[in-house]
Amino acid sequence: MSNEVNDLFEEFTLGTSGMAVVFLPGLQGSMLELGSIPKVIKKLGHTSCIPIIHGYSAQSGFDTFDIWLSELDAVVNVLLENHDQVCLVGLSMGATLAIAYEADYQKNLPVVALSPVFAFDGWSVPWYYPLLCIVFKLGITNWHYKESQPYGLRNPEVRRRVAKQILEQETTEVGSASLSAKHLYQSLRLIEFAKKILGDFRSDIKIICSIDDDVVAPTTIDWLSKSISSSTCKIIWLGGSYHIITLDNEREIVVNESVEFIQESFFKRKAIVEYSNDAKQLIIRDRIID
């Protein structure tokens, strides 16, 4: 790929399988959030990439949610020029972005949704959180929402490590140490947009989430699974983690379940392509014989 194309990605590793996996961390997050899933994907020979989406990715400035979607589309289109298939793997708001993108652009891309956010209704979300949107609309925009305990983590060791990172750096393993009002407002707009078009989501999807998610209530996940129109929708419930499941107690299960779905999607697509090629050869042969 050219240098111009590589400028689209925070990380890009070209594989040989013909499949590309696009990873979408949480809002203002980075590859640190994704745990070891990208590493396993590379070992399987798939292209692994984390796009730089202006206003969404860590330290990328500000832009509106519709720009996030259009820039993701530009990334997918570039990858489809050189790959037979593209799969989206999103964490937290990244999962919401992936679902909204597929519902809106209809590219028939399989999606792994890790702790998707369609409401901030988990047990650790402050009672005043729903009012922040009203505060923003009133014109009070010069504020930040700071990450606090438990940081989406049940594992005490990882939580202590993240707590130290938040004191020392802007971007941590669980994303940005704080979110600006402008970014937060755009994430709420993305959620509302996604809700309106969920019925248009028809691709294969695997949702992996925690029953004890501190950010999103399990009832919201149930609602999500019933709102999409996909014929293949699998949900994996975890019992020992909070929101950032890629780094928490059951991270190995998350890796295995994610990779299993990606591989199933890969071989399913490969079988369809091979069947199509065989069918074309039969048609050509029959025409020659006639």
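The single residue among Phe120, Phe136, Phe201 that is modelled with pLDDT of 95 or more, closer than 27 Å to Thr64 by Cβ and either in contact with a Leu (Cβ under 6 Å, 6 or more places away or on another chain) or not hydroxyl-bearing (Ser, Thr, Tyr) (or both) turns out to be Phe201.
Applying the set (1) modelled with pLDDT of 95 or more; (2) of a type in the set (Ser, Thr, Tyr); (3) closer than 24 Å to Pro218 by Cα to Tyr105 leaves exactly one unmet item: (3). The set of residues from the stretch 130-142 being surrounded by fewer than 14 Cβ atoms within 10 Å (Cβ to Cβ) and not charged (D, E, K, R) comprises Pro130, Leu131, Ile134, Leu138, Gly139, Ile140, Thr141, Asn142. Asp214 falls short on exactly one of the conditions (1) in a loop (DSSP other than H, G, I, E, B); (2) surrounded by fewer than 16 Cβ atoms within 10 Å (Cβ to Cβ), and that condition is (2). Does the stretch 164-180 contain at least one residue that is among the basic types (Lys, Arg), at pLDDT 95 or above and either open to solvent by 20 Å² or more (accessible area, probe 1.4 Å) or closer than 19 Å to Trp68 by Cα (or both)? Taking every residue of the stretch 164-180 in turn, none turns out to be among the basic types (Lys, Arg), at pLDDT 95 or above and either open to solvent by 20 Å² or more (accessible area, probe 1.4 Å) or closer than 19 Å to Trp68 by Cα (or both). The residue that is surrounded by the fewest Cβ atoms within 10 Å (Cβ to Cβ), counting only those in the stretch 220-235 that are more than 12 Å from Arg202 (Cβ to Cβ) and in contact (Cβ under 8 Å) with a residue 60 or more places away in the chain, is Trp223.
What single numbered condition from (1) modelled with pLDDT of 95 or more; (2) part of a loop (DSSP other than H, G, I, E, B) fails to hold for Ser229? Here Ser229 clears every test but (1). All conditions in (1) open to solvent by 60 Å² or more (accessible area, probe 1.4 Å); (2) in a helix (DSSP H, G or I); (3) not aliphatic (A, V, I, L, M) hold for Gln149, with the sole exception of (2). For the stretch 236-274, the set of residues classified as among the β-branched types (Val, Ile, Thr) and surrounded by fewer than 22 Cβ atoms within 10 Å (Cβ to Cβ) consists of Ile236, Ile253, Val255, Val259, Ile272, Val273, listed by residue number. Of all residues in the stretch 258-270, those that are over 16 Å from Ala95 (Cβ atoms) have Cβ atoms under 6 Å from Cβ atoms of residues that are assigned to a helix (DSSP H, G or I) and open to solvent by 20 Å² or more (accessible area, probe 1.4 Å), 6 or more apart or on another chain, in Val259/Val40.
The values are calculated or read from the model by the stated rules, or taken from the named source; none is laboratory data. Owing to the predicted nature of the structure, the values given are computational and were not obtained by experimental measurement. Because the Cβ atoms are built from the backbone with ideal geometry, glycine has one as well, and the counts that use them run over all protein chains shown. Areas reflect the complete protein model, heavy atoms only, side chains present, ligands, DNA and RNA absent. Shrake-Rupley method; radii C 1.70, N 1.55, O 1.52, S 1.80 Å.
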